[in-house]
Ligand SMILES: NC(=O)c1ccc[n+]([C@@H]2O[C@H](COP(=O)([O-])OP(=O)(O)OC[C@H]3O[C@@H](n4cnc5c(N)ncnc54)[C@H](O)[C@@H]3O)[C@@H](O)[C@H]2O)c1
């Protein structure tokens, strides 16, 4: 099979590329390196086994002619390219909306032209500021006002979901929507606000671990290889077409407890420093206090049951960052 991975030089995209290459598929990557990096895929480019299997294009998904060619060549499109990360969205609000809305529309338009199946990477952010758990695919979405720019990420990804579902309903395009919850593992950068790489890097340097808000907000974390496995299975499952799925872990932990765990796991002398949201992200920021996925739907569809617990995830990330 020939797989097009948009955002394939990113954190999740590079692991996905590796998994497809390992199972013998040809992988075409398009990435503009805005948050991704060639370092993420260098080991794949240098691997003799993949010499005739991996094709990398450094360009934007907004480039019509290149996307036309790549979508025409490939059998399946895994659409991961996006403006990602709270800090990045706040720093580049207009570019982020363009990438997430016009970019996804371009991908869908071309997949429709060639009738290629497409998996859309969405996000748990689309749920907005719920307090209950677990979050189910059919739950309402609750956002803050448009003056709070952090919601533009959620709203743009939600619009991607609507557009994908509209192509499915009106043209029968085979689409699957994967709402990823916090995904972590080696190669994730802390530069755009991702909490685990940021905490681990601070702990390894014996610097204070900066916890935003009061630190009582909770998250779950899923190991990137478990997510990649689920994405590949979803792409193969006929009964996943036209559906939305949560992909995430169910082990809930507060940011204070997470910081504490990372200090212990790295044997660091770091202390915890509480930083108000406004100081960290400016006045446009609002956080979600809880984000736990219901995973019954994906479990029933492909038997998804994330295997890697938080201690093991931290072990992998710490080893990588060291
Ligand atoms: N990591 C998570 O916890 C998480 C959670 C929810 C959803 N997601 C989704 O998963 C996908 C991958 O995220 P990630 O964590 O690997 O982040 P990432 O930033 O590492 O990956 C995104 C990739 O897209 C590329 N990109 C951005 N704009 C582009 C453009 N216009 N043209 C071509 N390439 C472009 C970036 O350079 C990067 O390599 C995203 O769609 C994201 O919204 C990730």
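Values in this text are rule-based calculations from the coordinates and carry no lab data. Not measured: the values here are computed from a predicted model. Virtual Cβ from ideal backbone geometry, glycine too; neighbours counted across all protein chains shown.
Numerical summary
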quantity: Computed FRET value (nearest 0.05) for residue 233 with residue 322, which takes r as the C-beta separation and R₀ as 56 Å; calculated: 0.95
quantity: Ellipticity estimate at 222 nm from DSSP helix runs (n ≥ 4, -39,500 (n - 2.57)) divided over the chain, nearest 500; calculated: -12000 deg cm²/dmol
quantity: Taking the chain and dividing mean pair separation by its residue count, relative contact order in percent (alpha carbons under 8 Å, at least six apart); calculated: 18
quantity: Rg/Rh (Cα only; Kirkwood hydrodynamic radius) as it applies to region 158-217; calculated: 1.24
quantity: Rounded D (µm²/s) - region 226-322, Kirkwood Rh over Cα pairs, Stokes-Einstein at 10 °C, 1.306 mPa s; calculated: 97
quantity: Debye intensity ratio I(q)/I(0), log10, the chain, q values 0.11, 0.13, 0.14, 0.15 Å⁻¹ (C-alpha model); calculated: -0.67, -0.95, -1.12, -1.29
quantity: Burial ordering of 74, 301, fewest other beta-carbon atoms within 10 Å first; calculated: 301, 74
quantity: Two-site label geometry, residue 73 and residue 253: point separation in nm, points 7 Å out along Cα→Cβ; calculated: 4.1
quantity: Using alpha-carbon coordinates, inclination of helix 64-73 to the longest axis of the chain, degrees; calculated: 70
quantity: Full-extension gain in nm, residue 94 to residue 55, via 0.36 nm per residue minus C-alpha separation; calculated: 11.1 nm
quantity: Between helix 104-114 and the chain: long-axis angle, C-alpha atoms, 0 to 90°, nearest 10; calculated: 30
quantity: Residue 207-residue 138 pseudo-label distance in nm [points 7 Å out on the Cα-to-Cβ vector]; calculated: 4.7
quantity: Fewest-first sequence of 75, 25 by Cβ atoms within 10 Å of each Cβ; calculated: 75, 25
quantity: FRET efficiency for residue 286 and residue 307, using Cβ-Cβ distance with R0 set to 56 Å, rounded to 0.05; calculated: 0.95
quantity: Region 42-88 - convex hull of the alpha-carbon atoms, volume per residue in Å³; calculated: 116
quantity: Fewest-first sequence of 67, 1 by Cβ atoms within 10 Å of each Cβ; calculated: 1, 67
quantity: The chain: angle of helix 310-321 to the longest principal axis, Cα-based, in degrees nearest 10; calculated: 80
quantity: DSSP bridge orientation in the chain - percent antiparallel, rounded to nearest 5; calculated: 5
quantity: Long-range Cα-Cα pairs in region 136-263 (distance over 27 Å), rounded percent; calculated: 32
quantity: Radius ratio Rg over Rh of region 3-123, counting only Cα atoms, Kirkwood formula for Rh; calculated: 0.96
quantity: Projected label distance in nm at residue 46 and residue 63, using a 7 Å step from Cα toward the beta-carbon; calculated: 2.5
quantity: Label zone at residue 299 (point 7 Å along Cα-to-Cβ), backbone N below 19 Å, region 223-259; calculated: 223, 226-231, 233-234, 240, 244-253
quantity: DSSP beta bridge pairing in region 180-308, given as percent antiparallel to the nearest 5; calculated: 20
